[in-house]
Amino acid sequence: MAHLTQVHILTLNCWGIRYVSREYSRRLNEIGRSIANADPIPDIVGLQECFSREAFECIRREIRSILPYAKHYSAGSFGAGLAILSRWPFEETSMIRYPLNGCPIAFYHGDWYVGKGVACATIRYGEAPDNVIEVLNTHVSRFFFFWHCCTISRRRRLLGRQPVVSIAPIFLTRGCT
């Protein structure tokens, strides 16, 4: 197989926090249906704030036929909230946890209790040695997380890999650190 000339990638913050998110089940079902009906259909999807296995499976049910390969990353007390779904098989997956994860007394942020980090996947789309896509998926709410993800990406490039980084948006709020 020749090198790909186009890859369609979707990154989405699902806001899949049970008991907090409005219309939790309905939202997750609709996310799955929307991805399945997208034009063009994505080849790779990075999900953030998809904390429970139930939330992940709810979305996956709708898109299993178009994105048959999937990994839901588990970390921390309430999960990592990260998932990667792909048209092509995974060659390798891993999770790199952030060394700093907020403050335990700022429970309303949730960063301390979840396993924040970078979900990594090497996806093989062909037989040639360089027919791989390196995907890094994360959810950043602090500048430090963004910096750490960039550091991981830089290290991957030094190893001769060209990572695709899927990052949920950074929301800067006055007074946040």
(message) Step by step: first the residues of region 75-96, then only those that are open to solvent by less than 50 Å² (accessible area, probe 1.4 Å) and farther than 21 Å from residue 134 by Cα, then the one that is modelled with the lowest pLDDT. Which residue is that?
(response) 76
(request) Test residue 32 against the criterion of being part of a helix (DSSP H, G or I) and at pLDDT 90 or above, and give yes or no. (result) yes
(message) Just to check your reading of the model, which residue among 129, 99 is modelled with pLDDT of 70 or more and loosely packed, with under 14 Cβ neighbours inside 10 Å?
(response) 129
(request) Take residue 70 and decide whether it is assigned to a loop (DSSP other than H, G, I, E, B) and either more than 26 Å from residue 91 (Cα to Cα) or modelled with pLDDT of 95 or more (or both). (result) no
(request) Out of 21, 52, report the one residue that is over 17 Å from the mean Cα position of the chain (by Cα) and either modelled with pLDDT under 90 or among the β-branched types (Val, Ile, Thr) (or both). (result) 21
(request) Keeping to region 42-74, report how many residues are in contact (Cβ under 8 Å) with a residue 40 or more places away in the chain, hydrophobic (A, V, I, L, M, F, W, C) and open to solvent by 10 Å² or more (accessible area, probe 1.4 Å). (result) 1
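The values are calculated or read from the model by the stated rules, or taken from the named source; none is laboratory data. Every value quoted in this text rests on a predicted model; they were computed, and no experiment measured them. Positions of Cβ are generated from backbone atoms using ideal geometry, with glycine treated the same way; all protein chains shown enter the neighbour counts. Areas reflect the complete protein model, heavy atoms only, side chains present, ligands, DNA and RNA absent. Shrake-Rupley method; radii C 1.70, N 1.55, O 1.52, S 1.80 Å.
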